[in-house]
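Here's the structure we're looking at; comments come further down.
The values are calculated or read from the model by the stated rules, or taken from the named source; none is laboratory data. Nothing here was measured: the structure is a model prediction, and the numbers come from that model. We place every Cβ from the backbone using ideal geometry, glycine too, and count neighbours over all the protein chains shown. SASA here: full protein model, heavy atoms, side chains in, ligands and nucleic acids out. Shrake-Rupley method; radii C 1.70, N 1.55, O 1.52, S 1.80 Å.
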Amino acid sequence: MSSTSRCMARSTTPDMWDMVIEHIEGARSIAISGHTNPDGDALGSALGLGLSLRMAFPSKQIVFLLADDAPVPRVYRFMEGTCDMVPASRYTEKPDLFISVDVPVLSRLADSAAVAKRALGRVVIDHHPSHDEFGDASVRVTSAAATAVLVEELLEAAGYPCTPQIATCLMTGLVTDTGRFQYQNANPSAFACASRLVDAGAEPARIALEVYQSQRIEYLRLESIVMGRIGTRVGGRVAFSYAYAADLSSCGVSSDECDGLVDVVRTVQGSQVCLFLKETEPGVIRGNLRSKGHWDISSIAVEHGGGGHSAAAGFTVEGRSVEDVLDSILPQLEALVCAPDSACDTGDVHG
Ligand SMILES: [Mn+2]
């Protein structure tokens, strides 16, 4: 018994998928990869799509690639198919089709870039802005909250299966990329997609338990260090913190476990833009930037060799210290939130 849906919001229209479906159906072998240092969306989108294609086309060879030669981050290992993922450096074949999910530039594919280059065709499904499209067929929708939303809409448009396991993978991408539906990108199509995924058997409570309520005590100790270091500028409009490589090693936390630490910084009341710096190894600094208001922090990330969305972006710099990077970025963030049209001088900010 079907019921009429009140909210039919979608990020795509079915015809946008025609080319992608044509590429998929014409390929005998397909390799799917998300970006380097994969997050919940990169992994959930690759797995959700890959598991569905395996069911829809039992005779096709469907391979799930990891862009790096590193294990799947612990909190995402509950997703179906993670143990079947192959580091791209160990995949030597030339697939008919390479599908890139959640990746704006070829360089973010790390080891998977070589597979993309030697594949006969390339399909791109993504929600990041890009200045250098590398797909033969692309669905790039920057208003989509997550690539997982786009994948869900593809499965629906193509009539490919969405089992509870597939729905859980896609829901993980959606939940993590929207910060549990707390970020500005949580739009009607994100909620409509979530509703369809839960209807298909996704388990939001399980996802919350696995991703957000299963922190190692070592990680929480590091989080308390990061919390203790939170600093603010311009009356609290800019908030920042950082972790040194020595903090990670003394706490016993790996670099890939630290993705959530920027969210600790963004909880500061009144903060508009946030910065978290992580020294992944001595001299290598990974920066996460977040904007809570309408300020676009992606250009600052681009200036430092990175990229991302207007509200969430990142970059990596080498050969510099945490202090050095703070010295160059904090003034940029201050200038951003104090730009003439930002009403910096109308609030309670005095020095
Ligand atoms: Mn994403």
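Annotations
- Angle in degrees between helix 322-337 and the longest Cα principal axis of the chain, rounded to the nearest 10: 90
- The chain: angle of helix 217-228 to the longest principal axis, Cα-based, in degrees nearest 10: 40
- Within the listed set I99, I21, I217, the Gaussian network model of the chain (springs between alpha-carbon atoms below 10 Å) gives the highest mean-square fluctuation for I217.
- Where only DSSP H runs of four or more residues are counted, the chain gives -10500 deg cm²/dmol as its mean residue ellipticity at 222 nm, each run worth -39500 (n - 2.57).
- Average Cα contact separation per residue, the stretch 1-94, under 8 Å, 6 or more apart, as relative contact order %: 25
- Carbon + sulfur, % of accessible area of the chain - ligands and nucleic acids excluded, 1.4 Å: 51
- Cross-link partners of K117 among lysines (Cα-Cα below 16 Å; sequence separation of 8 or more within a chain): K94
- Residues of the stretch 261-303 with amide N under 11 Å of a point placed 7 Å along Cα→Cβ from A339: 294-300
- Annotation: average projected area of the stretch 130-180 is 4.4 square nanometres, based on the convex hull of Cα atoms across all directions.
- Calculated FRET efficiency for the pair L220/T142, C-beta based, R₀ 41 Å, to 0.05: 0.75
- Average accessible surface area per residue within the chain, 1.4 Å rolling probe, Å²: 44
- Zone residues, the stretch 62-89, relative to A114, backbone N less than 17 Å from point 7 Å out along Cα-to-Cβ: 65-70, 86-89
- Listed by chain and number, the lysines whose alpha-carbon sits under 24 Å from that of K278, ignoring those within fewer than 8 places in the same chain, are K292.
- As a ratio to 2.2 N^0.38 Å, the alpha-carbon radius of gyration computed for the stretch 14-211 takes the value 0.91.
- The convex hull of the Cα atoms of the chain, projected and averaged over all directions, covers 18.5 nm².
- C-alpha long axis of helix 40-56 to longest principal axis of the chain, angle in °: 0
- Cα centroid separation, the stretch 169-207 to the stretch 85-152 (Å): 22
- Take every pair of alpha-carbon atoms less than 8 Å apart whose residues are at least six positions apart; their mean separation over the length of the chain yields a relative contact order of 13 percent.
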